[in-house]
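Pasting a structure here, questions to come.
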Ligand code: SF4
Ligand code: SF4
């Protein structure tokens, strides 16, 4: 196993982290995989309050003598919290489930923007963090994030974070916070943990044949999942990559790759292969936005690259339709495609010469259908969006 050093506190973290969200159904399998991972050098385990029973299941295994060999990361869904006392109640529940007296890496789960951060602070989030850090019950505080680039930068700057967690993979290099976000955080000394390195497994299995052919014809023979993981580890600013492993075979394979993959290892020719695969994945029906942000800001608040990225996700079939529509609402809330008034300002700045106004109409038709407003109302309530 290769370890990377947390620049803030010098923790040596295995570059392969265990994402517990996709634990197998059987408890015996969970124990076998967690123990195998620890015995083979994995020392970072990531779970969350909202993953049903996963904190308990991880805690049960770690209590058998493994707790001190690993870093536990778990997350608080601040968007569910309305009262001050709920922070402590939820946190204490997590300690109990995980059978521990402290959490090494604690995240605000899916923090959407500085508005949500301020709302949570108004009901006591910051005091709660300060107290638990002072008592040693939280060692490092961070947040996980799925939104656009600008809001990510604002969040990075709003508080003295110890770390953060982003979705990052070769198809999302310029999507969400993307590579620019990764480098922005790293430049401020904030270590970045990576989730969804294979887009929930979709860059590993069932690739369209044009994409598969690129990997099959590559001079170095590697399975698609290995290409996907190596791309993420190629970035030196990545501290650890969480993989949602749920079979022993997958775990062994990922440990093999993580024992060998290095930052800066991919050649220019290899990096070109990823571009080819991306083109094959994105196909004809997608919008060829590169996420450069030159068209921004829009005077009406449309997050143009984010709207296009959500649309492309749906068109490429990389995800469950309902989840993608839900994510579109959450990620583009008050920045959605239908806000466009067709002033045309943005099109003058697009290096890809995209007909942004027409493309946004396409996005609105696809993503803002009949169920858009009822679902938006529900998302607003759940996520405290304003
Ligand atoms: S054309 Fe639409 S998206 Fe572009 S700047 Fe004007 S309102 Fe914004
Ligand atoms: S300028 Fe064009 S390519 Fe760049 S983000 Fe905007 S729409 Fe996409």
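Just so you know, all these numbers are worked out from the coordinates, no wet-lab data involved. The structure displayed is predicted, hence computed values, not measured ones. Here the Cβ positions follow ideal geometry from the backbone for every residue, glycine too, while neighbour counts run over all protein chains shown.
How are the alpha carbon pair distances in the range 304-383 distributed across 10 Å bins from zero to the largest one, expressed in percent?
Taking all Cα pairs of the range 304-383, the binned fractions are 18, 51, 26, 6 percent.
Given labels modelled 7 Å from the Cα in the Cβ direction, how far is it in nm from residue 275 to residue 27?
5.3
Quick check: Cα centre of the range 157-229 to Cα centre of the range 368-383, how many Å?
29
222 nm [θ] for the chain, helices only, -39500 (n - 2.57) per DSSP H run of 4+, per residue, to 500?
-13000 deg cm²/dmol
Report the label-to-label distance for residue 252 and residue 90 in nanometres (one decimal), using points 7 Å from each Cα along the Cα→Cβ vector.
Computed distance between label sites residue 252 and residue 90 equals 4.0 nm.
Tell me the relative contact order for the chain as a rounded percent, counting alpha carbon contacts under 8 Å between residues six or more apart.
Here the relative contact order equals 15 percent.
Evaluate E = 1/(1 + (r/R0)^6) for residue 64 and residue 206, where r is the Cβ-Cβ distance and R0 equals 35 Å; express this FRET efficiency to the nearest 0.05.
Efficiency at R0 = 35 Å is approximately 0.45.
In what sequence do 44, 170 fall when counting other Cβ within 10 Å, fewest first?
Lowest to highest Cβ neighbour count: 170, 44.
Can you sort 144, 78, 353 from fewest to most other Cβ atoms within 10 Å of each residue's own Cβ?
Exposure proxy ranking, most exposed first: 353, 144, 78.
Then there is this: On alpha-carbon atoms, Rg over Rh for the chain using Kirkwood Rh?
That ratio is 0.96, to two decimals.
Under a point spin-label approximation (7 Å from Cα along Cα-to-Cβ), what is the residue 83-residue 101 distance to one decimal in nm?
It is 2.9 nm.
Provide the gained length on full extension for the span residue 137 to residue 296, in nm with one decimal, where the gain is 0.36 nm per separating residue minus the Cα-Cα distance.
That works out to 53.1 nm of additional length.
Can I ask one more? Which of 64, 252, 118 moves the most in a Gaussian network model of the chain with Cα springs under 10 Å?
Fluctuation is largest for 64.
Which distance in Å, rounded to a whole number, links the C-alpha centroids of the range 1-80 and the range 294-351?
35
Would you please calculate the Kirkwood hydrodynamic radius of the range 171-279 over all C-alpha pairs and express it in Å, rounded to one decimal?
The Cα-based Kirkwood calculation yields 14.6 Å.
Same structure again: Which percent, to the nearest 5, of DSSP beta bridges fully inside the range 3-274 are antiparallel?
10
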